[in-house]
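A.B. asks: Just passing along the structure, written as structure tokens.
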Amino acid sequence: MREDLHRAVRVPTCSLRVFRTAKFNIPTEGHCDIQDLTPTLRKHLEDSGLHEGQALVFIPGSTAGITTVEFEPGLVRDLHEFFEKIIPEQRDYHHHATWGDDNGASHLRAALLKPSLTIPFADGQLLLGTWQQVVLVDFDTHKRRRTVVLQLIGE
């Protein structure tokens, strides 16, 4: 084993980290509606002038989530069927008795998916795979206008 592989190298840095926060709205249909955010994220990154860093995508609220998928009709259907199988929408949940509403499954699904995702970027491009898109999944039981928060950190 070569010893020089274990030596720490200090690289002086003079870069300035920049934070940019943007919000944009997406209309959704609820009931596991999946919206591709990738083109909007790419446009915000391009407009920011940043070249290297991280993009944090966050959805406020407790009935939607953010993830990556291959955004195509078959997988969209598969995701809907998957969530319906593990957390059926029409079941009676304790949450319904607490608030008198009907979206207990929405909260459970969103808790499983999570509200945020971090994506690295370099050379001004999101470092996503060829067939990988960033999507918003709205699990609520009615149409919504969702606000997505994008925070870019980089240089």
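Just so you know, all these numbers are worked out from the coordinates, no wet-lab data involved. Quick caveat: nothing in here was measured; it's all calculated off a predicted structure. All Cβ positions, even for glycine, are placed from backbone atoms using ideal geometry, and neighbour counts span all protein chains on display.
A.B. asks: HN-Hα J couplings of the range 53-59 from phi, Karplus 6.51/-1.76/1.60, θ = phi - 60°, integer Hz, Gly and Pro as x?
C.D. replies: x, 9, 10, 9, 10, 9, 10
A.B. asks: Non-local amide H neighbours of THR67 (under 5 Å, H modeled in plane, Pro and chain starts lacking H): which ones?
C.D. replies: Amide H neighbours of THR67: VAL135, VAL137.
A.B. asks: Applying 1/(1 + (r/R0)^6) with R0 = 41 Å to the Cβ-Cβ distance of HIS51 and GLU84, what FRET efficiency is obtained, to the nearest 0.05?
C.D. replies: Calculated transfer efficiency: 0.45.
A.B. asks: Report the gain in length on full extension from VAL149 to LYS43: 0.36 nm times residue separation, minus Cα-Cα distance, nm rounded to one decimal.
C.D. replies: 36.8 nm
A.B. asks: Under unit Cβ charges (Lys, Arg +1; Asp, Glu -1), what dipole magnitude, rounded to 20 debye, does the range 16-154 have relative to its Cα centre?
C.D. replies: 480 debye
A.B. asks: Hey, quick one: spin label on ASP102, modelled 7 Å out along Cα-Cβ, who in the range 58-92 has an amide N within reach, i.e. under 16 Å?
C.D. replies: 88-92
A.B. asks: Let me ask something else. Kindly provide the helix-only [θ] at 222 nm of the chain, computed as the sum of -39,500 (n - 2.57) over DSSP H runs of four or more divided by all residues, to the nearest 500 deg cm²/dmol? Don't skip to the answer; put the middle values down first.
C.D. replies: On the way: 4 runs with 41 residues, N = 155.
Rounded to the nearest 500, it is -8000 deg cm²/dmol.
A.B. asks: Using the Karplus curve 6.51 cos²θ - 1.76 cosθ + 1.60 with θ = phi - 60°, what ³J(HN,Hα) values do you get for each residue of the range 113-118, in whole Hz, with x for Gly and Pro?
C.D. replies: Once rounded to whole Hz, the list reads 7, 5, x, 8, 8, 10.
A.B. asks: Run the simple label-point estimate for THR141 and LEU126 please: 7 Å along Cα→C-beta, distance reported in nm.
C.D. replies: 3.1 nm
A.B. asks: For the chain, find the longest principal axis of its Cα atoms and tell me its angle to the long axis of helix 73-86, 0 to 90°, nearest 10.
C.D. replies: 60 degrees
A.B. asks: Please identify the trypsin sites (Lys or Arg not before Pro) of the range 45-135 that satisfy two criteria: DSSP loop assignment and at most 15 other Cβ atoms within 10 Å. Which are they?
C.D. replies: Answer in residue order: ARG91.
A.B. asks: Here's another thing I want to ask about it. How much net charge surrounds LEU45 when only other residues with a Cβ under 14 Å from its Cβ are counted (Lys, Arg +1; Asp, Glu -1)?
C.D. replies: Within the 14 Å Cβ shell, the charges total -2.
A.B. asks: Shifting gears a bit: From the backbone phi of the range 94-108, what are the Karplus-calculated ³J(HN,Hα) couplings (6.51 cos²θ - 1.76 cosθ + 1.60, θ = phi - 60°) in whole Hz, Gly and Pro given as x?
C.D. replies: After applying 6.51 cos²θ - 1.76 cosθ + 1.60, I find 4, 4, 4, 5, 5, 10, x, 10, 10, 10, x, 4, 4, 5, 5 Hz.
A.B. asks: Continuing with this model, one more query. What does the charge count near VAL18 come to, summing +1 for each Lys or Arg and -1 for each Asp or Glu among other residues with Cβ under 14 Å from its Cβ? Present the calculation step by step, with values, prior to reporting the outcome.
C.D. replies: Working: positive: ARG17, ARG20; negative: ASP47, GLU52, GLU155.
Every neighbour counted, the sum reads -1.
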